[in-house]
Amino acid sequence: MTKHMHPDDIRTLFSTAMSQMYRAEVPQYGALVDLVRDVNAATLDADPALKATMQAAGELDRLDVERHGAIRLGTADELSAIRRMFAVMGMYPVGYYDLSVAGIPVHSTAFRPIKQTALRRNPFRVFTSLLRLDVIEDAGLVETARAILAKRQIVTDDALELIARAEQVGGLTPAQAKRFVAASLETFRWHAEATVDADTYAQLVAAHRLIADVVSFKGPHINHLTPRTLDIDAVQYQMPARGIDPKAVIEGPPRRQAGLLLRQTSFKALDEPVQFDGQPGQHTARFGEIEQRGVALKPAGRAFYDQALARARAAQGDYQSQLHTAFAALPDDFETLRQQDLAFFRYRVGASVETLANDIDGLIAQGALIADPQIYEDFLPVSAAGIFQSNLASDDRSNYAANANQEAFEAALGVPVIDDMTLYAQVERDSLAASLTALGQAHLLPPTATV
Ligand code: OOG
Ligand code: NI
């Protein structure tokens, strides 16, 4: 029997191929990746302590691999087919994001690796949105859109056959995996020929630019890829000098010593030539984005984040200073965040100490136990809405009533989404249990409810 290729390795083949394809399709994205690499190198050079910590925590090697991409799908069948495709690469749906609140007619999940070893090898994830035709009022247009979508097949027969094979026998051989990656790439490629005529396209754009983007083409072109930076402010600042036009504000929490969750910014989507029934036209969809990831927050920390962000957004005056003010009450060092149970950590054994302290805080103070912040691996709905918004024309603001519908999304997906908080909590608890056991202090493990 031939040995199967590990799903983590298939994911790496896939993310590398996607990156190459996207650089070739959108050269400005390549310029952004180069800028991020320069800024990361300068940041690590200037901060040897950061470099050492990242190395020890196993965070350094994955820094330069691509972090995420995004696609937008049209139908339930497409979503479930894509779920099966990503499962072959060890990516599973984590989280539910309702963006209708922000006037975007989609709801979303992120397909990503869930095990620590898999995240370390290659954390590539895809933010995947499903168009919500149910929030559109024009019934005639909804019918038109449905009819157009019903005619397309976004996953090739070759890819479908290999997915079925992987499901049946539990994996793919290296040769099959290569074929699978090549076949899967077809789904995410750019198609300059629209499947609709210019009139239909104009009607779809009038309803919402996103509907036009999803409905008018043969497939769900990858609309951005996102490398991870260690200093997002520096990259944002340096973009114009490299001919890149950034969106106005960085989404997410303010800059802090102890970085929180996720900060993101993007360059604006490009106007690109397309054909409508042989007629030349333009479509605006594809962009580049960068992200800086910080610590994952526990429910109490996350509640603080959501409230502080809402306060800053509602306040008058300079947004950056409002943001700093709104977050001022949150401790800005990891150890205090940990002691106050506001963020998730991963524990490991540190230096050997003669007389071990008899409590967890004491072990940490001694250096016998080390708590590394768990990097946030997910997304933020308000930020995602801001990224969407900056890549739509400014007159595209719609007002849909907030109507999250996780049940409908999961029915389309074919499985429930995985809860991200559960994943972080498990890592924290397992690593603490293992470390305390190794130190001979297993009796210090708190009862489940407190982790
Ligand atoms: C997805 C926008 C959201 C993020 O990083 O939050 C996103 C899209 O434009 O399709 O990618
Ligand atoms: Ni993104």
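Ordered by residue, what ³J(HN,Hα) values in Hz, to whole numbers, does the range 333-350 give under the Karplus form 6.51 cos²θ - 1.76 cosθ + 1.60, where θ = phi - 60° and Gly and Pro are x?
Coupling constants for the range 333-350: 9, 5, 5, 5, 4, 5, 4, 8, 6, 9, 9, 8, 10, 10, 9, 8, 7, x Hz.
When you count, for each residue, the other Cβ atoms within 10 Å and take the mean per peptide, how do 153-159, 340-346, 166-172 rank with the highest first?
Details: 153-159: 16.6, 340-346: 20.9, 166-172: 14.7.
Put in order of decreasing packing, that is 340-346, 153-159, 166-172.
What is the distance in Å between the Cα centroid of the range 31-97 and that of the range 205-225?
What the calculation gives is 23 Å, centre to centre.
Just read off the accessible area of residue 423 with the full protein assembly in place, 1.4 Å probe, to the nearest 10 Å².
Approximately 30 Å² for this residue.
Cross-link list 3/51; 115/218; 115/178; 115/268; 3/115: which exceed 26 angstrom alpha carbon to alpha carbon? It would help to have the intermediate numbers written out before the result.
On the way: 3/51 37 Å; 115/218 34 Å; 115/178 23 Å; 115/268 33 Å; 3/115 22 Å.
Too far apart for the 26 Å limit: 3/51; 115/218; 115/268.
Do any trypsin sites (Lys or Arg not before Pro) in the range 139-230 lie in a loop, going by DSSP, with at most 12 other beta-carbon atoms within 10 Å of their beta carbon, and if so which? Don't jump to the answer; show the numbers that get you there.
Values: sites: 146, 151, 152, 165, 178, 179, 189, 209, 218, 228; in loops: 151, 152, 189, 218.
Passing sites in the range 139-230 are 151.
Over all Cα pairs of the range 128-229, how is the pair count split among 10 Å bins, expressed in % and running from 0 up to the last occupied bin?
Histogramming the range 128-229 at 10 Å steps yields 13, 36, 28, 18, 5 percent.
Where the Cα atoms of the chain are projected onto their three principal axes, how long is each span, largest first, in whole Å?
In descending order, the Cα extents are 78, 66, 42 Å.
Given the -39500 (n - 2.57) contribution per DSSP H run of 4+ residues, what per-residue ellipticity at 222 nm results for the chain, rounded to the nearest 500 deg cm²/dmol?
Values: 18 runs with 206 residues, N = 451.
When only DSSP H runs of four or more count, the value is -14000 deg cm²/dmol.
Report in % the part of the accessible area of the chain that belongs to carbon and sulfur, leaving out ligands and nucleic acids; probe 1.4 Å. If you can, show how the numbers build up before the last one.
Details: 10020 of 19070 Å².
Carbon with sulfur: 53 percent of the solvent-accessible area.
Write down, largest first, the equivalent ellipsoid semi-axes of the range 328-450 in whole Å, where each equals the square root of 5 times an eigenvalue of the alpha-carbon gyration tensor. The partial results should precede the final answer.
Numbers: eigenvalues 328, 69, 25 Å².
Each semi-axis is √(5λ); the values are 41, 19, 11 Å.
Report the far tail of the P(r) of the range 289-335, meaning the percent of Cα-Cα pairs longer than 15 Å. If you can, show how the numbers build up before the last one.
Numbers: 564 of 1081 pairs.
That tail contains 52 percent of the Cα-Cα pairs.
Can you give me the orientation-averaged projected area of the convex hull built on the Cα atoms of the range 258-356, in nm²?
Working: hull surface 45.8 nm².
If you wrap the Cα atoms of the range 258-356 in a convex hull and average its projections, you get 11.5 nm².
For the chain, what is the charge dipole size about the Cα centre, in debye to the nearest 20, if Lys and Arg each add +1 at the Cβ and Asp and Glu each add -1 at the Cβ?
On the way: 43 positive and 56 negative charges, 136 e Å.
It works out to roughly 660 debye.
Sorted by packing (mean other beta-carbon atoms within 10 Å per residue), highest first, where do 430-439, 128-137, 288-297, 306-315 land? Numbers along the way, then the final one.
On the way: 430-439: 17.0, 128-137: 19.4, 288-297: 24.5, 306-315: 14.8.
Descending mean neighbour count gives 288-297, 128-137, 430-439, 306-315.
Using just the C-alpha positions of the range 316-397 as equal point scatterers, what log10 of I(q)/I(0) does the Debye formula give at each q in 0.18, 0.20, 0.21, 0.23 1/Å?
Debye curve over Cα of the range 316-397, log10 I(q)/I(0) at q = 0.18, 0.20, 0.21, 0.23 Å⁻¹: -0.92, -1.01, -1.06, -1.14.
Compute the accessible area per residue over the chain, keeping the other protein chains in place, probe 1.4 Å, unit Å². It would help to have the intermediate numbers written out before the result.
Details: 19070 Å² over 451 residues.
That works out to 42 Å² per residue.
Taking the C-alpha atoms of the range 126-166, how large are the radius of gyration and the largest Cα-Cα span, Dmax, in Å?
14.5, 42
The values are calculated or read from the model by the stated rules, or taken from the named source; none is laboratory data. Model, not experiment: these values are computed from the prediction. A quick note on method: Cβ atoms are made from the backbone with ideal geometry, for glycine too, and the neighbour counts reach across all protein chains shown. The accessibility values were calculated without ligands, DNA or RNA, using every heavy atom of the protein model including side chains. Shrake-Rupley method; radii C 1.70, N 1.55, O 1.52, S 1.80 Å.
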